[in-house]
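What follows is calculated from the coordinates using simple rules that are stated; it is not laboratory data. Nothing here was measured: the structure is a model prediction, and the numbers come from that model. We place every Cβ from the backbone using ideal geometry, glycine too, and count neighbours over all the protein chains shown.
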Ligand SMILES: NC(=O)C1=CN([C@@H]2O[C@H](COP(=O)(O)OP(=O)(O)OC[C@H]3O[C@@H](n4cnc5c(N)ncnc54)[C@H](OP(=O)(O)O)[C@@H]3O)[C@@H](O)[C@H]2O)C=CC1
Ligand SMILES: O=CC(=O)O
């Protein structure tokens, strides 16, 4: 690695072992701009930073304009919707991310939401916790089978395919998927079928979105799309909240068209206190925990640190999303 000491701004907590890898080589400021007390330190360090590493905070073009020395942003996430891609390209700044290391964990989370919504896990656990289990439950509390149901996947990249494997191989579910290009997945040998969006929505019992947020996917699921879903279908989102028009989702739930929704991601995060999604009886809401296990967050931090150090040493980083020479 390069012996030239550069300035690194860590804008989200990093595990100590990864932070130590950076401080061994570079000057480091740790300041999370989401914490008011740390905001001044973040702003003071930004103009000198050669590298940024972190996640969750949107790097706006205005913020980028203050970072005149910047060579690389290393995001501790696979999604890159928090970054101004055009401005980064114009300035030749590398954007690195963490694909692959979080795929299986995020697929587990998506599948957990499929199970939780279909079998009413949270509602029934609360039934016990709140002391309402005083006799055998009746039909009003029965759930719905997952095995054998048709799963419609919006997005069929790394995570979508990992969800499909769980569904098709573990639960005998036929899988339909929507993406711009068909994917050859011999492992599923015809059990995952590339399907136009409208047909997928009309045929799937459970629709799970694992899409990146882009100008094309923003608001993809609106009133028309929820209206095409089977009456009583379930909707799950493990990609990005803003791919869904939340008002339309709520309306589909309230009108009884959708049976339930399982959501790990929201248009605004954390979910605002007055959001009806917080307490809706047929919504299982999680605080964006797709990749949040000890093992996976450690692997993401390690990959992001490697990306950063490689970029600052003038090497091609392991996982570049965009930019650079
Ligand atoms: N909940 C959480 O904590 C997590 C959420 N995520 C989110 O999941 C997203 C997906 O991750 P990953 O699977 O690794 O990404 P990939 O890039 O591997 O997959 C993206 C998929 O989306 C499809 N896609 C992209 N644009 C469109 C479009 N306009 N219309 C239809 N399909 C489209 C792609 O296919 P094609 O290009 O052929 O259209 C591809 O199948 C991330 O970008 C991130 O936002 C990721 C990790 C954790
Ligand atoms: O949402 C998480 C990510 O890695 O992207």
How high is the relative contact order of the chain? Use alpha-carbon pairs under 8 Å, at least six apart in sequence, and give a whole percent. 20 percent
With the calculation restricted to Cα positions, what are the radius of gyration and Dmax of region 103-285 in angstrom? 16.0, 52
Cα-only Debye scattering, the chain: base-10 log of I(q)/I(0) at q = 0.09, 0.12, 0.13, 0.14 Å⁻¹: -0.53, -0.87, -0.99, -1.09
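What 222 nm value per residue comes from the helices of the chain, counting each DSSP H run with n ≥ 4 as -39,500 (n - 2.57) and dividing by all residues, nearest 500 deg cm²/dmol? Intermediate values should be presented prior to the final figure.
Numbers: 11 runs with 103 residues, N = 325.
Result for the chain: -9000 deg cm²/dmol, rounded to the nearest 500.
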Can you give me the Cα centroid spacing of region 32-55 and region 188-224 in angstrom? 38 Å
Given the C-alpha centroids of region 128-144 and region 275-297, what is the distance between them in whole angstrom? 23 Å
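Need one number: % antiparallel among DSSP beta bridges in the chain, to the nearest 5. Mind showing how you got there, number by number?
Numbers: 2 of 40 bridges.
Of those bridges, close to 5 percent are antiparallel.
Per-residue counts of other Cβ atoms within 10 Å, averaged by peptide: what ranking do you get for 22-30, 277-285, 299-307, highest first? Present the calculation step by step, with values, prior to reporting the outcome.
On the way: 22-30: 17.2, 277-285: 15.4, 299-307: 22.8.
Order by mean packing, descending: 299-307, 22-30, 277-285.
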Need the full-extension length gain, residue 90 to residue 198, defined as separation in residues times 0.36 nm minus the C-alpha distance. One decimal, nm. 35.2 nm
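Using 1/(1 + (r/R0)^6) with R0 = 41 angstrom and r between the beta carbons of residue 13 and residue 132, what's the FRET efficiency to the nearest 0.05? Mind showing how you got there, number by number?
Values: r = 40 Å, r/R0 = 0.97.
Rounded to the nearest 0.05, the efficiency is 0.55.
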In a Gaussian network model of the chain with springs linking alpha carbons closer than 10 Å, the residue among 140, 205, 184 that fluctuates most is 140
